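Below: the structure, in structure tokens.
The values are calculated or read from the model by the stated rules, or taken from the named source; none is laboratory data. Values in this document were obtained by computation on a predicted structure and should not be read as measured data. Note that we place each Cβ from the backbone using ideal geometry, even for glycine, and neighbour counts take in every protein chain shown.
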């Protein structure tokens, strides 16, 4: 099985999602389902039907997260990576043909691209694969359906929520759930 890579922030986000669903959301919905079931006939009980569906969705996501979290490998930044693009890097690139076209994103694991992660691309994407190992001012070529595009790397940063202090006292061991 292929090792699934994740940034420390991505692991924390997935773990927090699991904890929120399991310890907060699921008990809340279970109470509503219990109350709705106590009203009697469940066949025409919209509260029961709707909340039972939500409960199934929560259970499905929790099962997925419980299988996923132990398999993840948290990748921490190493000072040896500075100046080159590797996993977890924030990269800014300019289109070689159109310098006004600038993209900025972070290279993360595919499991981290969920919900509102619009500034992230998967390590498995063609763009990330073309950028890995490159330095500032290097040109990388990405094959797209419209043809090849050439991008110049204008900036590489390795910053995280840990360095800024917003994720203090957080344990990121791959602990069993």
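Kindly indicate whether residue 105 is free of Cβ contacts under 8 Å to residues at least 24 places away in the same chain and under 24 Å from residue 147 (Cα atoms).
On the way: free of Cβ contacts under 8 Å to residues at least 24 places away in the same chain: yes; under 24 Å from residue 147 (Cα atoms): yes.
So residue 105 fits the description; yes.
What are the residue pairs meeting all of these: first residue in segment 11-31, first residue within 11 Å of residue 59 (Cα to Cα), second residue not in a helix (DSSP H, G or I), Cβ atoms under 7 Å, and 6 or more apart or on different chains?
Matching pairs, first to second residue: 18/177.
Do you know which of the residues in segment 69-84 that are crowded, with 16+ Cβ neighbours inside 10 Å and either at pLDDT 95 or above or within 16 Å of the chain's Cα centre (by Cα) (or both) is nearest to residue 26 (Cα to Cα)?
69
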